[in-house]
Each structure stands twice: as structure tokens, then as C-alpha cells.
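Since the structure comes first, as C-alpha cells, the remarks are kept for the end.
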Amino acid sequence: MTLCAYGLPLARGGNLIHRLLLASVAVVADAIVRMTRTLVPDLLRVVLAVGSFAIVYLLPTTAGQLGALAFGALAGAGLLRQPKETIAPLSLALSWRSGAAWLAAFGLVLAALPFADRAGGTLGMGAAFFRAGSLVFGGGHVVLPLLQTAFVPAEISDGRFLAGYGAAQLLPGPLFTFAAYLGAALNAGPGGWLGAALATCAIFAPSFFLLFGIAPFWRDVRSNVAVAAAVRGLGAAVVGLLAAAFIHPIWTSAIHSWIDVAIAALAFAILRTDRVPAWGAVIFAAVLGGIATLRP
């Protein structure tokens, strides 16, 4: 992904960036459909997803995203309660003191993020990636709206941002690898290989804090009816968050003609067969987009 950050700007003449944007349309649309089936299975959660979408669409800022997630969690806690489940304990042996220490450290870092944002530069960049890693829920695709709000257009253009996201589909492993591309490509921070390394570490760091912090309390937390309901509401809110990002900036940046619509729709249809992985759809969109540019 770091090499993509160096190479994609050189490919503008070949229209590669636009083809990757079309692939992003298909991949994110497919992700929304899959997440909707899992996280929005009933009418009440449809309402929560629509409410989250409206909040983010009307307030396209970090505050709007946090508000949408809070709305989903709070509404879910009150409206989506189900009978208590029996949860098996995790096999990770940690004392409650150790867990409390990890959670306290995580809380301190979160409290420091606004100050890092004001400092800007490398600290601000790291804060944005850490925040995104802390808020991802329901699937790696959720990093897209979180990072887009943080960096576009001040530190990177919509086109380069989404092209990198499309390129990330070509690689195995979690979508958090997209952070390496951004860390290298952003105007903020050190850029290059060092920026890629810092961004990757920052976006993955929250998972370690939460893993070691929550593990000792996992059984009690997951079996709590209110917490489980809040998680259900949060899942619905995440779908609305991603749907808002699909409209802007993904659709508005990628679709400029009926040919673009056709290429994205065909790539989406291929993904829906469940026989072609995301990287196959990216290659398909790139090749078909290249053929389309050859038309008289």
C-alpha cells in the first residue's frame, strides 16, 4: 500500500485512479448490502440506520459521525433489549487489575486526542488514525467515512483517497492496511515509509488496548442486556454511516457518466455472485474502464 501511494499519482494520465474509484463504488455497495443483512435485520434497526444516515449526511464532520454512533448506541440500549444470553469466558487469562489498567490507559489516550488534533502535524495525523481504529465496528469498511472526514480534502484529494481504498481491495488481510497508503500519501505528518508505519501502528493500537482491557470483564459485559442492546443499535448506526459515505464522496467522486454507472454496476453484480473476491472486481473494473477509454 505504501508503494501505491508513490505510484498512483504517476498514473493519472492512464485514468487508473478513476477506474479504482469505480471499483470502490462496487465494493462499498456490496459491503453495505452484506452489513445490512447482518446488522439491520428488523424495522426498528432500519429506522436507526436511517437516522444515523440523516445525522451524518446533514452534519458531515467528525462530530456528526460521533453523534450518529451515540444515537445508535443510546437508542439501541433503550429499544433493542433481548433476553439475557449465556456468554462463554475468553481463554485469555488476565486479572481485572490488568484489564482496568489497560482501559484507563485507553481512556487517557482518547482524552488526549483533541489536544493532538490542535497540535496538527504528525500528532494530529496519529490522533485521527487512533480515533478511527477506536470507532470501527461491524466491519473494516467503516474506516472509510471516519478517515475521509479526517483528511479529505485538506490533506489528500477525494480521488487519491478513494483510489487508494480501491487498491486496498487487491491485498489480503484487513482493510486497516489502507492506513499505510494514507500515511505515506498525506500532506500531514512525515509521509513516505515513516508516515505509513506510524499510521498503521496508530490505527491498530486501539484493538490491543480494548482486547487486553475488556478480556477480564468480557463475560459480564456481553451478558449485560443493556450493553448487548447498545451494540445492536451501534451496528445499525454504522450501516447508516457507511451509506452516507457511499453517496458522498464515493458516488459523487466516481460516477460521471452512464458508462461509469454500467461499469460499477457490473462489478457490483460480480461481487454479489459470491464467486469473485473483491480484488477480482477491482481488476474487472480497471480492465473494463480501460477498454471504455479506447472508444472513439
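Kindly check whether there is at least one residue in region 239-256 that is assigned to a loop (DSSP other than H, G, I, E, B) and modelled with pLDDT under 95. Talk me through it step by step, then tell me what you get.
Narrowing region 239-256 to residues assigned to a loop (DSSP other than H, G, I, E, B): 255-256.
Next, from what is left, pick out any that are modelled with pLDDT under 95: 255-256.
Yes - at least one qualifying residue is present in region 239-256.
Anything in region 38-74 that is at pLDDT 95 or above, within 22 Å of GLN148 (Cα to Cα) and in a loop (DSSP other than H, G, I, E, B)? List them, or say none.
If the condition is that a residue be at pLDDT 95 or above, within 22 Å of GLN148 (Cα to Cα) and in a loop (DSSP other than H, G, I, E, B), then no residue fits.
Using beta carbons and a limit of 6 Å, which pairs, at least six apart or on different chains, have the first residue in region 93-118 and in a helix (DSSP H, G or I) and the second one hydroxyl-bearing (Ser, Thr, Tyr)?
none
Just one of (1) in contact with a Gly (Cβ under 7 Å, 6 or more places away or on another chain); (2) modelled with pLDDT under 95; (3) surrounded by fewer than 16 Cβ atoms within 10 Å (Cβ to Cβ) trips up ALA77, so point out which.
The single condition ALA77 does not satisfy is (3).
Going by what's in this entry, would PHE137 be described as over 14 Å from the mean Cα position of the chain (by Cα) and of a type in the set (Phe, Trp, Tyr)? Please lay out each step first, then the result.
Values: over 14 Å from the mean Cα position of the chain (by Cα): no; of a type in the set (Phe, Trp, Tyr): yes.
When the stated conditions are applied, PHE137 does not pass them.
The values are calculated or read from the model by the stated rules, or taken from the named source; none is laboratory data. Source: prediction; values computed, not measured. Cβ: placed from backbone, ideal geometry, glycine included. Neighbour counts: every protein chain shown.
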